[in-house]
Structures are given as structure tokens and as C-alpha cells.
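The values are calculated or read from the model by the stated rules, or taken from the named source; none is laboratory data. The structure presented is a predicted model; accordingly, all values stated were derived computationally and were not measured. Because the Cβ atoms are built from the backbone with ideal geometry, glycine has one as well, and the counts that use them run over all protein chains shown. Each accessible area value is taken on the protein alone, full model and side chains, heavy atoms only, with ligands, DNA and RNA left out. Shrake-Rupley method; radii C 1.70, N 1.55, O 1.52, S 1.80 Å.
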Amino acid sequence: MKVKLTILGTGTSQGIPVIGSDHPVCLSTDPRDTRLRVSAAIEVDDKRFIIDCGPDFRQQMLTNRIHRFDALLFTHEHADHTAGLDDLRPFFFRQGAIQCYMSQRVQESLEDRFSYMFKEEDKYPGVADLDIHLFDTDDLIIDGIIIKPILASHGFIPVHGFRIGDVAYMTDVKTIETEEKEKLKNLDVLVINALRYEPHKTHLNVEEALAIVEELQPKRTYFTHISFHLGFHAEVEQKLPENVFLAYDTLQLTSHS
């Protein structure tokens with residue numbers, strides 16, 4: 001099975017550059033230092049799945065020329081992962097109801113924040129319909145493709161990653177229980193967050209992320225959800241161990257399971 005993963009965004013909740021910041025990384029001319037909010041697209045055969053729908057969703061779809069997808073998977077409810085929900089409309093107009101996979105917690109949050117999208121009566125014309133499927137830790141089977149949710153902790157709330165074939169995508173992780181780590185063994189590609197060098201209450205820092213890499217031993221690892229505090233892409237990547245890299249927006253990765 002060939003799996004292709006496109007990194008749509010690698011930044012934190014503010015993105016890089018941060019509005020009004022004069023930090024050197026925010027002023028960098030290296031395109032790898034410009035980071036939209038975290039998101040990814042995974043393609044298997046002729047199926048495409050989008051992970052998260054943040055405030056940069058529209059731009060990510062245009063930049064990567066994504067005109068259709070088969071399902072939208074949510075990691076958790078925070079705005080940098082869900083605030084682009086209204087920009088699903090062009091896909092809805094072409095495809096019909098958007099197949100959305102989320103936890104119960106995410107559904108409750110979206111119903112509260114995007115109540116107009118969940119109305120059953122007098123719904124505004126043109127608002128996208130969402131066909132919601134709830135999950136927790138059991139495997140998902142979408143159009144014949146098996147997707148394994150990976151439950152982790154985002155410090156104070158749960159967050160899900162996903163494994164398809166030998167590719168796994170994890171973001172906004174602080175800790176992963178042993179049972180869930182078993183689902184991340186024997187990976188070809190692991191994408192996981194590494195916010196900065198300094199510790200953080202709800203995100204892995206570089207040291208913690210590298211400890212997980214050492215434990216899981218994926219063939220290749222790419223760090224995402226990167227703060228400008230981490231430093232310049234070119235400089236940081238030179239300091240990382242062999243087969244560990246910084247992801248950047250529009251990066252494409254492939255794996256054959």
C-alpha cells in the first residue's frame with residue numbers, strides 16, 4: 001500500500017510569522033520558516049483524507065491544489081485545528097455532505113461554536129452539511145482504508161493522532177500512554193510535534209520528542225507544530241539526529257507498506 005502524506009502546515013496556533021513580531025525567525029526569508037497552522041493530507045490509492053481544518057484551511061487547499069477529499073479527521077477541538085470549518089463550503093457544493101470523523105468532545109465543541117452549521121430547521125442556505133462519525137480508539141474503516149486513531153494527552157485534554165499503513169501523524173501531544181505507543185511501532189514515517197527547546201505544559205519539546213523517537217524507532221521522523229522560538233529551520237535541522245528532520249509547509253512524504 002502506497003501512502004502519500006502532504007504537510008499542509010507546521011506552525012503553532014499563531015503561525016509564523018507572528019503578527020507584529022520582529023523576532024528574527026519571523027523576519028526570515030527562508031520559505032521553510034513561514035509556517036501555516038498545522039494540518040496534513042494523506043492519500044492512499046485514489047482516496048484523500050485531510051487532518052484538521054484550521055484558520056489557514058482555505059489557503060492550504062489553494063496552495064496544494066486540493067479540489068476534493070473523501071473525509072476530514074479531527075485531532076481535537078482547538079481553534080487552530082477547527083476554525084476553518086466554514087471554508088468547507090466549496091467542497092460541499094461539489095461533493096455533498098462532508099464526511100467528518102471526530103471525538104464526542106470535538107463534536108460538542110463544534111456544535112457550540114458553529115451552531116449555525118448544525119441547525120436542523122431554518123438552516124442558512126449554502127452552509128456545508130457535515131456527516132459526523134464519532135470515534136475514540138477503535139480502528140476506522142473509510143472507503144476500505146483502515147485508519148488507526150492514536151489517543152494521547154495534550155496536557156489537559158485528549159488529542160488523537162492517526163496511523164495509515166506505516167505512516168503516523170501526531171500533533172499537540174504532551175504524553176502518550178504505553179498501550180497507545182504500541183500502535184506506533186514499526187513505522188516508516190512518524191510526524192510528531194516538537195514545539196521548542198524549552199519545556200512546555202501541553203506540548204512536547206525537542207528533548208521529549210526525541211525520547212519518543214528513540215523509544216519507537218521509526219525509520220524517519222519529521223517534527224511539526226513548530227514555534228519561532230525553536231529557531232531557523234536550516235540551523236535547527238543540522239542539530240537533529242540522523243533520520244530526524246523538521247517538516248515544512250508543502251513537504252510531501254511517501255511510504256510503501
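Tabulated data for the structure shown
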| quantity | calculated |
| --- | --- |
| Segment 15-48, residues that are open to solvent by 50 Å² or more (accessible area, probe 1.4 Å) and without any contact (Cβ under 8 Å) to a residue 24 or more places away in the chain | 19, 20, 22, 27, 29, 46 |
| Scope segment 229-257; condition in contact with a Ser or Thr (Cβ under 7 Å, 6 or more places away or on another chain) and touching a residue at least 40 places away in the same chain (Cβ under 8 Å); matching residues | 232, 247, 248, 249, 250, 252 |
| Any strands (runs of 3 or more DSSP E) falling wholly within segment 145-241 and containing at least 3 residues that are aliphatic (A, V, I, L, M) | 145-153, 189-193 |
| From 149, 158, 90, 125, residue being in contact (Cβ under 8 Å) with a residue 60 or more places away in the chain and either at negative phi or surrounded by 15 or more Cβ atoms within 10 Å (Cβ to Cβ) (or both) | 158 |
| Any chance residue 68 is over 15 Å from residue 249 (Cβ atoms) and open to solvent by 10 Å² or more (accessible area, probe 1.4 Å) | yes |
| Segment 106-118 residues that are open to solvent by 20 Å² or more (accessible area, probe 1.4 Å), paired with ones that are part of a loop (DSSP other than H, G, I, E, B) and of a type outside the set (D, E, K, R) (beta carbon under 8 Å, 6 or more apart) | 111/118; 116/124; 116/127 |
| Residues (among the polar types (S, T, N, Q) and either open to solvent by less than 50 Å² (accessible area, probe 1.4 Å) or in contact with a Cys (Cβ under 6 Å, 6 or more places away or on another chain) (or both)) located in segment 210-226 | 221, 224 |
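Here is a yes/no grid of residues against (1) modelled with pLDDT under 95; (2) within 19 Å of residue 173 (Cα to Cα); (3) of a type in the set (Gly, Ala, Ser); (4) in a loop (DSSP other than H, G, I, E, B):
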| site | (1), (2), (3), (4) |
| --- | --- |
| 20 | no, no, yes, yes |
| 32 | no, no, no, no |
| 80 | no, yes, no, no |
| 87 | no, no, no, no |
